[in-house]
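The values are calculated or read from the model by the stated rules, or taken from the named source; none is laboratory data. Predicted model, so just to flag it, every value in this text is computed and none were measured. Cβ sites come from the backbone with ideal geometry, for glycine too, and all protein chains shown count toward neighbours.
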Amino acid sequence: MNHMEMYKAKLRSADEAVKVVKSGDVVEYGHFNGKPIACDKALARRHAELKNVEIHTALTLPPPPDTAMKPGSFIFVDWQFSKLTRMLQQNGLAYYSPILYHNAPEMIREGKITRRDVVIARVCPMDEKGFFNLGPQNSETMAKMEMAGTAVIVEVCKTMPVCLGGAEESIHVSKVSAIVEGADGDGLFCAPDISPEPEEVKIAEHIMPHISDGACIQLGIGGIPAQVGKLIVESNLKDLGGHSEMISDAYMRLIECGKMNGKRKNIDRYRVAYTFAVGSKELYEFMHNNPAIASYPVDYTNDPRNIARLENFVSINNALQVDLYSQVNAESIGMKQISGNGGMWDFVIGSQWSRGGKSFICLASTYNASDGSLRSSIVPTFDPGSIVTVPRQMVDYVVTEFGAARVKLMPTWKRAEALINISHPQFRDELIKAAEKMKIWHKATA
C-alpha cells in the first residue's frame with residue numbers, strides 16, 4: 001500500500017477518530033498551535049459517556065478547548081500556563097504540571113511520565129513523500145507519538161507552515177492511526193503585536209552593552225525580549241547567532257536584516273535552532289520552508305549541555321518577582337499560577353556553562369496589585385505558595401529599569417544591596433529595613 005492509499009484508508013471524521021478514547025485514558029494534545037480543534041470539539045461531544053479523561057497540553061492558545069469546559073468528564077492539564085489557562089484555572093477547570101522541559105522526550109520514552117494512551121495533534125498537509133510536518137511545535141511530539149499506547153491521530157491544518165529540521169520534525173503516514181481533515185476556518189493563533197512599556201525599553205537598554213558581535217542569543221517570551229530584538233536591529237552588532245526554545249517575531253527581524261546569520265556559532269552554523277514558535281501571521285509565513293531556522297525536539301534545544309557548546313551565549317528571560325536572597329519567581333503570585341517554569345532553568349544554567357555566556361533575569365521594578373496598589377517586584381521574601389523557579393545560586397544578572405545587577409558568587413548581603421539598588425526608589429528604605437531584620441544587610445554599606 002503506498003502513502004496515498006494509506007492516507008485514504010486512515011481518513012476519518014473527527015467524531016469517528018476520537019471513538020478510541022475511553023474513560024480513564026490519558027490523551028496528549030499537540031502543544032501550542034498543535035492543539036487540535038476539530039477533534040477537541042468531537043471529544044467534548046462525548047462528555048456524557050466519558051469520565052476522568054486526562055487532557056495534557058502546553059501553552060493553551062485560543063480557541064478555548066471544549067473539553068476543558070466539561071469537568072468530571074475531562075481533567076485539563078497544562079505544562080505552561082497561558083492567559084487562557086489562567087482563566088480556566090480560576091474556574092477550577094485546569095491544572096499545572098511542572099516539568100524540566102529538556103527532559104520531557106526522555107522521560108516519555110522511558111515511561112517516567114504518566115502513560116499516553118491517545119495522541120492528537122494538528123499537523124501540515126501530507127507531502128509527496130507521505131510525511132506530515134509537525135509545524136512550529138516540535139517540542140516532545142515525536143516522543144509521545146512513539147509511545148502512544150492506543151492511537152496517534154493527526155488533524156490536518158492547511159495554514160500550518162512546513163518547518164524544516166533539525167530532527168524529529170515530521171511523522172510518516174504509516175505511523176499514524178487516523179487522519180482528520182480540519183475545517184478550513186481553523187487557522188493558527190497569531191500573537192498580538194504589543195507596544196513595549198517604558199520600563200521594558202529601559203530594561204532592554206541596560207542589557208544591550210552586554211551583547212557583543214558573534215554572541216548567540218536566546219530570547220524568551222514577552223515585551224522585554226522583543227524590545228531587545230528591536231534594539232539589536234537598530235544597533236551596529238553583527239554576526240549574531242540564535243538558539244532558543246521559542247522563535248518569535250524578533251528572530252524573524254534579526255534574520256531578515258542580516259544581524260543574525262549564525263556565522264560564528266559552534267553548532268548549527270548559519271541556522272537558528274528552536275523547538276516551537278508563537279507569533280504573528282508574518283512569522284509563520286517566514287518560517288515556511290525556511291532553511292535559516294531548524295526545528296528540533298526540546299531535548300536538543302534545551303539541553304544545558306548543548307547550550308553550553310555555544311560560546312558567548314546570552315539568555316534573556318522574564319520573571320515576576322525576585323527576593324532579597326536573589327531567588328527568582330517566574331510562575332506565580334502566591335498560590336495563583338501565572339505562567340510556568342518552561343525552559344527557563346535550562347537556559348539560565350546552560351548560558352552560564354557557555355564560555356563567555358551570561359544569563360539575564362528581567363522584570364519591571366513594580367507592578368499593580370489586584371487592589372490597584374503599587375507593589376515592589378523585588379521583595380524581602382515571597383508570599384506563601386509562591387514558586388522558586390530559579391534558585392539563588394544559579395542567578396547571574398537581574399535587570400530592572402533602574403539597572404543591571406550581577407549577583408553571581410556574591411554573599412547574601414552584597415546580593416541584597418545590589419538588588420535594592422535596582423529596586424524602585426519608593427521601596428528602597430523598607431527593603432533595607434527588611435534586609436536588616438533578615439540579618440543580610442551589612443551595616444557598612446548603609
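Among the residues of segment 101-112, those identified as surrounded by 14 or more Cβ atoms within 10 Å (Cβ to Cβ), touching a residue at least 12 places away in the same chain (Cβ under 8 Å) and of a type outside the set (Phe, Trp, Tyr) are 102, 103, 104, 105, 106, 108, 109. Pick from segment 279-318 the residues that are of a type in the set (S, T, N, Q) and modelled with pLDDT of 95 or more: which of them is surrounded by the fewest Cβ atoms within 10 Å (Cβ to Cβ)? If we take residues in segment 279-318 being of a type in the set (S, T, N, Q) and modelled with pLDDT of 95 or more, then 289 is surrounded by the fewest Cβ atoms within 10 Å (Cβ to Cβ). Is it true that some residue in segment 436-446 is among the hydrophobic types (A, V, I, L, M, F, W, C) and closer than 29 Å to residue 223 by Cα? There is no residue in segment 436-446 that is among the hydrophobic types (A, V, I, L, M, F, W, C) and closer than 29 Å to residue 223 by Cα. Against the test of being out of contact with any Phe, Trp or Tyr (no Cβ under 7 Å at 6 or more places or on another chain), modelled with pLDDT under 95 and hydrophobic (A, V, I, L, M, F, W, C), the options 434, 446 yield a single qualifying residue, 446. Scan segment 87-97 and give yes if some residue there is under 18 Å from residue 339 (Cα atoms), part of a strand (DSSP E or B) and either of a type in the set (D, E, K, R) or without any contact (Cβ under 8 Å) to a residue 12 or more places away in the chain (or both), otherwise no. No - not one qualifying residue is present in segment 87-97.
Scanning segment 320-356 for residues that are under 16 Å from residue 398 (Cβ atoms), touching a helix residue (DSSP H, G or I) at 6+ places or on another chain (Cβ under 7 Å) and in a loop (DSSP other than H, G, I, E, B) returns 324, 325, 326, 327, 330. Entry remark, segment 43-69: residues being assigned to a loop (DSSP other than H, G, I, E, B) and crowded, with 20+ Cβ neighbours inside 10 Å number 6 in total.
In the condition set (1) crowded, with 21+ Cβ neighbours inside 10 Å; (2) at pLDDT 95 or above; (3) under 26 Å from residue 404 (Cα atoms), residue 276 is compliant with all but (3). For segment 227-243, a residue qualifies if it is crowded, with 21+ Cβ neighbours inside 10 Å and in contact with a Gly (Cβ under 8 Å, 6 or more places away or on another chain), and the qualifying residues are 240, 241, 242. Any idea which residue in segment 50-66 is nearest to residue 79 (Cα to Cα), counting only those that are out of contact with any Leu (no Cβ under 7 Å at 6 or more places or on another chain) and among the β-branched types (Val, Ile, Thr)? Ranking the candidates gives 57 first.
Of the residues 416, 434, 405, the single one that is buried (at least 20 other Cβ atoms within 10 Å of the Cβ), under 22 Å from residue 366 (Cβ atoms) and touching a residue at least 40 places away in the same chain (Cβ under 8 Å) is 416.
Residues in segment 208-249 that are touching a strand residue (DSSP E or B) at 6+ places or on another chain (Cβ under 8 Å), more than 16 Å from residue 358 (Cα to Cα), modelled with pLDDT of 95 or more and part of a helix (DSSP H, G or I): 1 in all. Just so you know, in segment 117-146 the residues that are within 13 Å of residue 165 (Cα to Cα) and small (Gly, Ala, Ser) include one that is nearest to the chain's Cα centre (by Cα), and it is 139. Here residue 360 meets the list (1) in a strand (DSSP E or B); (2) aromatic (Phe, Trp, Tyr); (3) surrounded by fewer than 20 Cβ atoms within 10 Å (Cβ to Cβ) almost entirely, failing just condition (3). Filtering 122, 115 for residues that are closer than 26 Å to residue 156 by Cα, basic (Lys, Arg), modelled with pLDDT of 90 or more and in the same structural domain as residue 176 (by TED's automatic domain parsing) leaves a single hit, 122.
Mind checking which pairs have a first residue in segment 340-361 that is among the basic types (Lys, Arg) and a second that is buried (at least 24 other Cβ atoms within 10 Å of the Cβ) and in a helix (DSSP H, G or I), Cβ under 8 Å, 6 or more apart or different chains? Hits for this filter: 358/351.
Considered as a group, the residues in segment 341-355 that are among the polar types (S, T, N, Q) and more than 16 Å from the chain's Cα centre (by Cα) include one that is nearest to residue 81 (Cα to Cα), and that residue is 351. Taking first residues from segment 375-388 that are on the phi > 0 side of the Ramachandran plot and partners that are modelled with pLDDT under 95 and buried (at least 18 other Cβ atoms within 10 Å of the Cβ), the Cβ contacts under 9 Å between residues at least 6 apart in sequence or on separate chains come to 385/332; 385/333. For residue 204, the conditions (1) within 27 Å of residue 349 (Cβ to Cβ); (2) in contact with a strand residue (DSSP E or B) (Cβ under 7 Å, 6 or more places away or on another chain); (3) surrounded by 23 or more Cβ atoms within 10 Å (Cβ to Cβ) are fulfilled apart from (2).
Residue count for segment 16-36, restricted to those that are within 18 Å of residue 52 (Cβ to Cβ) and not in a helix (DSSP H, G or I): 9. Among the residues that make up segment 19-36, is at least one of them out of contact with any strand residue (DSSP E or B) (no Cβ under 7 Å at 6 or more places or on another chain) and of a type in the set (S, T, N, Q)? Looking for residues that are out of contact with any strand residue (DSSP E or B) (no Cβ under 7 Å at 6 or more places or on another chain) and of a type in the set (S, T, N, Q), one finds none in segment 19-36, hence no.
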